[in-house]
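Working notes for the structure below.
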Amino acid sequence: MKITSNAFRANSRGALQDRNLQDALGNLKRGFQEKRRKAKARLPEFEELQDHAVAIKEHSLDHLDFYLERFEEEVTARGGKVHWCRDGAEARATILKLCKDVNAKRVVKAKSMIAEEIAINDYLEANGIEPCETDLGEYIIQLRHEPPSHIIGPAIHLKREQVADTFREQHPEFPDARKLDAARDLVDEARHIMRPRFLSADVGISGANLLVAETGSVVLLSNEGNIDLSRALPKTHIVVASIEKIVPTLSDANVILRLLSRSATGQEAPAYMSFLTGPRGADETDGPEAFHVLLLDNGRSDLLKGEFERILHCIRCGACLNHCPVYGVTGGHAYGAVYTGPMGAVLTPLLEGLEHAAPLPEASTFCGRCEEVCPMRIPLVGLLRNLRVRLLKKKPGGLATRGRLGVWLFFATRPSLYHGLARLLLRLAAPFGRGGALSVGPRAGGWGRRFPVQGGPTFQEMWRQREKAKRP
Amino acid sequence: MKARAAILGRLRTRLGRDTASAAEWRIMEREVAGRLEHPPAHPVPARTRLGNAARRALFVRMAEEAKASVTPLARAAALPESLRSFLKTRGLDGALHATGEAGLRALPWAAAGISLRHGRSAGTPASVALAFAGIAETGSLLFCAAPESPMTVHLLCDLHLVLLPENRIFATVEAALEDFQKTQGACLPSAAMFVTGPSRTADIEQQMQLGAHGPRELHIYLTEEGP
């Protein structure tokens, strides 16, 4: 997709005015946050597993060359084929060639962030091949020509009435008067539409949650069953995976898998978890006859051993999105890129260039909830701060900004002056406050701040008094 | 091949391999080979370290939590009769798509008026399958692709009816895969699919709906004996 991250400020203003979006985002808290918390509480080993997962990723990245080669050997030994792709253009060309080789007319797609990253759908369509998204959320946004707004729930920004309108418009084969009020009706209609597509597709394309070097396996998780159908029915299965998805062994994979679904949806396990190893065996009657894995770099290797390496630990669970106060009010589309929320604010500038996504590192309050819930313990705040430093080095703030910061610095490094001034300002501001507080900044949905101004003592004064009272 | 060399070259530059001597290179290779052969012991949830009865109970609890039903059967031979009455309540005739393991085929289907179809499925109201294993930790079933066990049987049905012998319940995914490797003499099947409850989606307003693209219902028949 063409990224529009530089319009983040304008996009988020629009998002704050969007009633439907604000309602839909309200579900985040009740849904994902609560479920994750409960799932984590039920697994006392969660944090110990996190330690192991981080160590596994560090080790895998430190030996990425070895493990990718081993993975290739194993896939090849099982009758599959590995294709190395430096960038999106190479990946698109490879996929198109594989589709053309089997004369493919229709492709079924399982939800995949990497497929969004390389924008494969538009490319296939332009080349006369019909790409059908099969995940319900992904199908809805394909009909609406929108990018996904969330890693796990691509259509999380929509209310069911909007989905119903889209279905009425795009499914003329169904009677106009049909009932589409309930989520059940919508799910059933999509199920009905998708079944013949699965059965008639020539190629299935999926991403990969993990790659296992030891066995040459691709691990895929889903709840709808669409990934396994996309893979088991067509004659060709094409997996697109970025190189950092690799882990050494099945045992390592299971550590990360225990964290993944709990962090993503709060499930102990997804409805479907498949370890796929090569094409169908002799005498097997379903499964793909051809098994292709694309290993895509697209900027990852440049991050290795650098200050941003830790973002390569990301397992795309979406927990940082679900807990981010900024994402929680802007939604995903405001980020103007495939990857959104805190992990997207780090990854998008690194993959697309800081100049194309300059506002994203600023789109954080640095509250740190993202780090707290990240199963891979990625220091997202630190990474965002590093990006801000880069940004400032490239383009220092204007004279006014630097002037204001200079004034602040002057006082901040002279504590007694700072406290005295704070005391004075608070008392002077008291008459202007409403309900004992002064609003600063825009007031729209959750933005801006309210400072208490009651003319009373400052925090430091209260603290000193308290400490004094404690002393005998 | 150009891309392969370029990517590996870039990785090796970033990882500082350019300066590695032949001896250092051999050490790294040995390290990686050792790590693959003997991965470090990772934590396994303590709740899965159980005796047979407790493991069975955990499996049932977790499967039910994932919205599967679990019906205990004293003998596998009782399955056809049990399914006959169940199918009747759903207004279905006695035709089922089935996996083709000898043990499943040998059950008294004809006596219960049920006929079985085998092979790849293109969609059916109900299918019956023998699971390779059950996973107590998560209440999952493991199906392994094989000539007699096409994956479509498990995916293209509304009612997924599964026979699982109690002695096939393992503590974890790891333990079940290890059993496959030991008993089947292969590293992994072309597809090892762990199924936990019926298919589902929460893509509409985060409301959980069962029966997305796969089965709408999953019914597990847990037998003390056989097949």
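Each value in this text was obtained by applying a stated rule to the coordinates, not by laboratory testing. Please read these numbers as outputs of a predicted model, since none were measured by experiment. Virtual Cβ from ideal backbone geometry, glycine too; neighbours counted across all protein chains shown.
A few points about this structure:
- Cβ-derived FRET efficiency at R0 56 Å, B:Ser21 paired with B:Ala122, nearest 0.05: 0.40
- Farthest positive-ward along the protein assembly as shown dipole, Cα basis, beta-carbon charges - from A:Val108, A:Phe174, A:Ala55: A:Ala55
- Here's how it looks for A:Ser217: its modeled amide H is under 5 Å from those of A:Val212, which are all 5 or more places away or on a different chain.
- Taking the charge dipole of the protein assembly as shown about its Cα centre, with +1 at Lys and Arg Cβ atoms and -1 at Asp and Glu Cβ atoms, the residue from B:Asn52, A:Thr76, B:Met208 reaching farthest to the positive side is B:Met208.
- In terms of distances greater than 31 angstrom between alpha carbons, the cross-link table entries A:Lys111/A:Lys395; A:Lys29/A:Lys245; A:Lys2/A:Lys245; A:Lys97/B:Lys182; A:Lys2/A:Lys159; A:Lys29/B:Lys88 yield A:Lys111/A:Lys395; A:Lys97/B:Lys182; A:Lys29/B:Lys88.
- Karplus-derived 3J(HN,Hα), 6.51/-1.76/1.60, for each residue of segment A:43-49, Hz, glycine and proline x: 10, x, 7, 3, 6, 5, 5
- Mean separation of Cα contacts under 8 Å, 6 or more apart, over the residue count of segment A:140-217: relative contact order %: 18
- Relative to the 2.2 N^0.38 Å rule of thumb, chain A has a C-alpha radius of gyration ratio of 1.11.
- Sorted by Cβ neighbour density within 10 Å, fewest at the top, the residues A:Lys159, A:Lys100: A:Lys100, A:Lys159
- Comparing B:Gly34, B:Gly113, B:Gly103 in a Gaussian network model of chain B (Cα springs below 10 Å), the most mobile by mean-square fluctuation is B:Gly34.
- As a proxy for reagent exposure, A:Ile141, A:Ile95 were ordered by neighbouring Cβ count within 10 angstrom, fewest first; the result is A:Ile141, A:Ile95.
- Measuring between their Cα centroids, segment A:191-220 and segment A:149-188 lie 24 Å from each other.
- Considering only alpha-carbon pairs that sit under 8 angstrom and 6 or more positions apart, the relative contact order computed for chain A is 21 percent.
- About its Cα centre, the dipole of chain A is roughly 3300 debye, where the only charges are +1 on Lys and Arg Cβ and -1 on Asp and Glu Cβ.
- Förster-model FRET efficiency, 35 Å R0, B:Arg105 and A:Arg106, C-beta, rounded to 0.05: 0.50
- Centre separation in Å (Cα based) which lies between segment B:127-184 and segment A:1-38: 39
- Taking segment A:62-301 and dividing mean pair separation by its residue count, relative contact order in percent (alpha carbons under 8 Å, at least six apart): 28
- Ordering A:Ala363, A:Ile129, A:Leu259 by Cα displacement along the dipole of the protein assembly as shown toward the positive end leaves A:Ala363 in first place; charges were set at the Cβ atoms of Lys, Arg (+1) and Asp, Glu (-1).
- Over all projection directions, the Cα-based convex hull of chain B averages an area of 17.8 nm².
- Residue-averaged beta-carbon neighbours from other chains (10 angstrom radius) around A:43-51: 3
- Cα-Cα P(r), segment A:1-118, percent of pairs per 10 Å interval: 9, 18, 27, 29, 16, 1
- Rounded FRET efficiency, nearest 0.05, which uses the C-beta distance separating A:Ala400 from B:Ala54 and R0 of 60 Å: 0.30
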